[in-house]
1. Considering segment 145-176 alone, what residues qualify as being out of contact with any Gly (no Cβ under 7 Å at 6 or more places or on another chain), of a type in the set (A, V, I, L, M, F, W, C) and surrounded by fewer than 21 Cβ atoms within 10 Å (Cβ to Cβ)?
2. What number of residues within segment 239-252 satisfy the criterion of being touching a residue at least 12 places away in the same chain (Cβ under 8 Å) and either surrounded by fewer than 18 Cβ atoms within 10 Å (Cβ to Cβ) or touching a His at 6+ places or on another chain (Cβ under 8 Å) (or both)?
3. Among L209, L157, L226, L196, which is the only one that is under 19 Å from L51 (Cα atoms), at pLDDT 95 or above and not in a helix (DSSP H, G or I)?
4. Being touching a Phe, Trp or Tyr at 6+ places or on another chain (Cβ under 8 Å) and farther than 19 Å from A317 by Cβ narrows it down to one of D53, D120, D41, D110, so name that one.
5. Of all residues in segment 273-289 being over 19 Å from the mean Cα position of the chain (by Cα) and touching a residue at least 12 places away in the same chain (Cβ under 8 Å), which is farthest from A236 (Cα to Cα)?
6. Tell me which residues, restricted to segment 294-327, are under 18 Å from the mean Cα position of the chain (by Cα) and closer than 30 Å to L155 by Cα.
7. Select, from L34, L62, L45, the only residue that is under 21 Å from the mean Cα position of the chain (by Cα), modelled with pLDDT under 95, closer than 30 Å to T179 by Cα and among the hydrophobic types (A, V, I, L, M, F, W, C).
8. Can you tell me which residues in segment 118-139 are open to solvent by less than 20 Å² (accessible area, probe 1.4 Å), hydrophobic (A, V, I, L, M, F, W, C) and under 16 Å from R193 (Cβ atoms)?
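The values are calculated or read from the model by the stated rules, or taken from the named source; none is laboratory data. In this text, all values refer to a predicted model and were calculated from it rather than measured experimentally. Here the Cβ is made from the backbone with ideal geometry for all residues, glycine too, and neighbour counts use every protein chain on show. Please note that ligands, DNA and RNA were not included when accessible areas were found on the heavy atoms of the full protein model with its side chains. Shrake-Rupley method; radii C 1.70, N 1.55, O 1.52, S 1.80 Å.
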Amino acid sequence: MRHRVVSRSIMLLAVCMALAACGKPPELPLRVGLNPWLGYDPLVLARERGLIDPANLRVVELESSSESARQLRNGLLEAAGLTLAEAIELASSGVDIKVVAILSLSKGADAVVAQPGFADAAALKGARIGMENSALADVMLQRLLEAGALQRDALSLLRLPVVEHEAALMRGRVDAVITFEPVLSSLVSAGYRVLLDSASTPGEVVDVLVVRSESLSARPAQVRALLRAFEDGRLALLAQPDEAARTLAAGTDLDTVSYLQALENVRLLTLEDSTVLLHAVPDANMLALGQLVSDLKASQRIMAEPDWARLFDGSVAADVLAAERIP
């Protein structure tokens with residue numbers, strides 16, 4: 001009996017040594033969730049142009065940023081494009097994430113759009129408002145309430161994903177929507193009225209790249225590749241805007257010209273700009289962190305300000321930039 005036990009032990013040891021010699025199994029692609037938004041399109045373009053290694057990175061296109069946040073929370077994604085407001089909400093709820101890049105600033109690409117009969121924000125008293133169930137939508141709602149001197153209970157709020165905004169407004173299901181590009185341009189071209197947009201709220205409508213902290217620790221090379229891919233896509237978009245727009249507009253209801261016009265309302269940040277902002281937190285003037293926290297508290301989406309030093313991490317972007325400078 002003892003000889004059989006020893007023999008089994010030797011065989012088990014041999015198997016373990018053989019497996020160890022084969023090395024670790026290959027890493028799965030880093031999954032990054034994106035909802036339909038022009039500010040994330042450089043990453044989509046990078047994928048379409050073959051600038052992303054599919055064995056390294058996988059772009060997962062989702063219906064809404066709320067779905068991106070949900071999947072990130074549940075570990076179904078390692079990274080996601082989110083608004084800064086959504087990242088703050090997620091971190092405040094206890095999800096351990098890092099903001100590793102500031103991707104874009106909205107300069108009018110997010111708006112409150114109403115039926116033609118509504119002249120201004122105050123006229124929406126008693127109206128039906130369609131909006132996503134997201135932190136950013138509630139931030140825009142706060143701006144609407146202030147602009148119209150309205151109380152929250154003066155409006156009837158209907159939570160709708162952005163893909164339903166256009167149909168809801170056109171069919172008279174709602175009187176106005178809190179929406180964003182590319183739906184915004186479609187509605188404006190159809191004759192609907194912009195009552196308020198993000199051009200009047202600088203630093204509040206900001207898009208960021210968020211990574212689960214455990215994924216950043218375990219897979220830093222893939223996170224660096226993700227930042228590099230976004231920057232490569234941004235540069236490709238700037239180098240050949242018409243050709244890029246033909247590729248990207250195919251996923252929207254916009255033609256190439258309308259797509260490029262809509263894109264003018266989004267400032268795509270360079271990787272260097274992003275790094276500077278990340279290292280300036282919480283004192284970065286371009287990020288209205290104090291106002292966002294105030295709005296999110298007012299809408300009861302968060303209870304307290306997050307730990308900014310824990311939430312923002314500029315080290316990955318700095319590493320990517322440093323690698324570029326090596327001769």
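1. L145, A147, A149, L150, L157, V163, A167, M170
2. Qualifying residue count for the region: 3.
3. L209
4. D110
5. P282
6. Of everything in segment 294-327, those that are under 18 Å from the mean Cα position of the chain (by Cα) and closer than 30 Å to L155 by Cα turn out to be L296, R301.
7. One residue alone meets the criteria, L62.
8. A121, L124, A127, I129
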